[in-house]
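Enquirer: Have a look at this one.
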């Protein structure tokens, strides 16, 4: 076969992970084109034992391209997504640019694979990292008992904010260990040894990140009546988002039954026993550089019979971004 | 006046903070006795510009003592609490030993100061750190609209686990910065750059820490029908617990009205505006070494009209332990 795949934003944290994921999963691409801004053109990226020379993104970059994976920010996606689609590529976009467009499917392959068919604009959107792991964990429970309300508090890793954020966290930690005052430019304050809420403002007192969790969860699940109460928080972790999740259903669901469903759910690894054991729950340090969504601490709610609590952890760069995008590409291919 | 105050467990993280708090608040003690185990006896602790020589805790330690502040673990409190009370001291106990005893009041001075009168055993219990800041923040809202359900996820600091935990976190961070593999003994795994659940097991899949939040909240609020859904999580922070809190009421409460109530609530500092702004929310790094309970991100719930969300941060060694205990002592004095 002669499939050409383009990765737009190939030098970013997610772009690099996309290249590694295409390679690791032996994606059937004859050729992969690494695209980025002019200032990154000429850089070399390791791929399949050799190197890809980064090319400058231009309107002509998509000739002959079958699948274009975008992860270069919303403005690049808004400008170049339609150009790539017009050139005949299927665009799989990791930015927020197209996610809530009615003519653009928002896809998590374990949850709504059939939605890829309805790509009227030739564009498929990859959901936000914190939403992907949530819906992978909750879909089997929703199918069984219909979710009515989710209260989710996140413990999000710094790599979700890009490579510069990770570098700043590491520099701050080194400063703290050396007894110096940490400096900050990427974060709105000290991230090391602290907890921050560092997203753009949404409305009603919510951050954009939080509103994404509400809207994207409903769109992916195909149920506009799911209530979502989000609190998004950044913690000093490099990679691996964690989520504390309370779920209330239309029909009561027990933890025992939920564990049965999760044990066989696609993309999910059920961690730990029904009883609590310290340090045996899913952890970001263990999830980093792996593919699954880890679900643990599945327990019956103490206040509301038939409701449940879970602890959901996944690699935000893999399942939260690059892996999910490549899985969508596999559905297309 | 001739009041003698004893601090039991004076060399521990909370014991030291108790001495600093007695000094800072100019507690009217003629004499303060620092008590600890035999192996710490003879150590010197700074106090009021001089030093206290630590004495060994024995059954005779409480002669002439009016108030005994205990923070040496539950087994010491169970053994020596009744001895101190029999000697005529009012015991204010920071351990979990007596908290759920029907004849022992569990007191947060901003919430239920009148309960100190009912100390049938001569013992008053100081609640758990994560509960104290929660009830200080929620009491004015409960008085206004009657809380029916709380969903709380915590981001707890390592100093809540004692001084050895802080030292282990710092050693782990130094190892990470130096590119070495961190070691762990106090934590059930790596705490640096990670998120852990590291408490003793309770039941039903919950940790002891989580069940404390349920039972203590109801006892302090004096309302056994308050539903509490807890998830307790440790983050790599030295001092300052943070809590993401969803609250549903009997009567609808708006964020605007809640902000009015919180702005004048005792012990509370309301942080930030009604709109979201990154980095402007309460943070553990800012709360450490201060007295208040900081409440921010007060916002109307997106899923359930009349419900609210808040972000609550406080110094777990001060308001979460030593300060609350000394405030109880002030009620007695």
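The values are calculated or read from the model by the stated rules, or taken from the named source; none is laboratory data. Only a predicted model underlies this, so the values are computations on that prediction, with no experimental measurement involved. FYI the Cβ positions are ideal-geometry reconstructions off the backbone, even for glycines, and counts take in every protein chain you see.
Enquirer: Out of curiosity, is residue B:141 touching a residue at least 24 places away in the same chain (Cβ under 8 Å), in a helix (DSSP H, G or I), farther than 23 Å from residue B:229 by Cβ and assigned by TED's automatic domain parsing to the domain that holds residue B:244?
Expert: Spelling it out, it is not the case that residue B:141 is touching a residue at least 24 places away in the same chain (Cβ under 8 Å), in a helix (DSSP H, G or I), farther than 23 Å from residue B:229 by Cβ and assigned by TED's automatic domain parsing to the domain that holds residue B:244.
Enquirer: So is residue A:205 crowded, with 17+ Cβ neighbours inside 10 Å, assigned to a loop (DSSP other than H, G, I, E, B) and touching a helix residue (DSSP H, G or I) at 6+ places or on another chain (Cβ under 9 Å) or not?
Expert: So residue A:205 fits the description; yes.
Enquirer: Residue by residue through segment B:155-188, note down the ones that are outside any helix (DSSP H, G or I) and either closer than 12 Å to residue B:235 by Cα or not assigned by TED's automatic domain parsing to the domain that holds residue B:234 (or both).
Expert: Result: B:155, B:156, B:157, B:187.
Enquirer: Within segment A:306-333, take every residue that is over 14 Å from the mean Cα position of the chain (by Cα) and within 14 Å of chain B (Cβ to nearest Cβ) and give me the one that is farthest from residue A:123 (Cα to Cα).
Expert: A:306
Enquirer: In this structure, does residue A:144 turn out to be under 30 Å from residue A:253 (Cβ atoms) and either at pLDDT below 95 or surrounded by fewer than 17 Cβ atoms within 10 Å (Cβ to Cβ) (or both)?
Expert: The answer is yes for residue A:144.
Enquirer: Follow-up question, since we're still on this one. Pick out, from segment A:221-333, the strands (runs of 3 or more DSSP E) lying fully within it that include 3 or more residues that are touching a helix residue (DSSP H, G or I) at 6+ places or on another chain (Cβ under 8 Å).
Expert: Result: A:227-231, A:241-249, A:293-300, A:308-314.
Enquirer: Can you go through A:131, A:154 and tell me which one is within 14 Å of another protein chain (Cβ to nearest Cβ), in contact (Cβ under 8 Å) with a residue 60 or more places away in the chain and either crowded, with 24+ Cβ neighbours inside 10 Å or over 20 Å from the mean Cα position of the chain (by Cα) (or both)?
Expert: A:154
Enquirer: Taking the condition more than 8 Å from chain A (Cβ to nearest Cβ), touching a strand residue (DSSP E or B) at 6+ places or on another chain (Cβ under 7 Å) and either in contact (Cβ under 8 Å) with a residue 12 or more places away in the chain or more than 14 Å from residue A:280 (Cβ to Cβ) (or both), does residue B:221 pass?
Expert: no
Enquirer: Specify the residue that is surrounded by the most Cβ atoms within 10 Å (Cβ to Cβ); the eligible residues are those in segment A:284-305 that are away from chain B (no Cβ under 11 Å) and free of Cβ contacts under 8 Å to residues at least 60 places away in the same chain.
Expert: Taking the candidates together, the pick is A:294.
Enquirer: Taking the options A:269, A:245, A:235, name whichever one is facing another protein chain (nearest Cβ under 8 Å) and touching a strand residue (DSSP E or B) at 6+ places or on another chain (Cβ under 6 Å).
Expert: Testing whether each residue is facing another protein chain (nearest Cβ under 8 Å) and touching a strand residue (DSSP E or B) at 6+ places or on another chain (Cβ under 6 Å) leaves just A:235.
Enquirer: Here is a follow-up. What number of residues in segment B:169-199 are more than 10 Å from chain A (Cβ to nearest Cβ) and buried (at least 22 other Cβ atoms within 10 Å of the Cβ)?
Expert: 1
Enquirer: Further question: Condition test on residue B:259, is it within 13 Å of chain A (Cβ to nearest Cβ), more than 17 Å from the chain's Cα centre (by Cα) and either in contact (Cβ under 8 Å) with a residue 24 or more places away in the chain or surrounded by fewer than 18 Cβ atoms within 10 Å (Cβ to Cβ) (or both)?
Expert: Yes; evaluated as a whole, the condition is true for this residue.
Enquirer: A follow-up question, please. As an exercise: evaluate residue A:227 against (1) buried (at least 24 other Cβ atoms within 10 Å of the Cβ); (2) under 29 Å from residue B:278 (Cβ atoms); (3) in contact (Cβ under 8 Å) with a residue 60 or more places away in the chain and give the number of the one condition it does not meet.
Expert: Among (1) buried (at least 24 other Cβ atoms within 10 Å of the Cβ); (2) under 29 Å from residue B:278 (Cβ atoms); (3) in contact (Cβ under 8 Å) with a residue 60 or more places away in the chain, the lone unmet condition for residue A:227 is (1).
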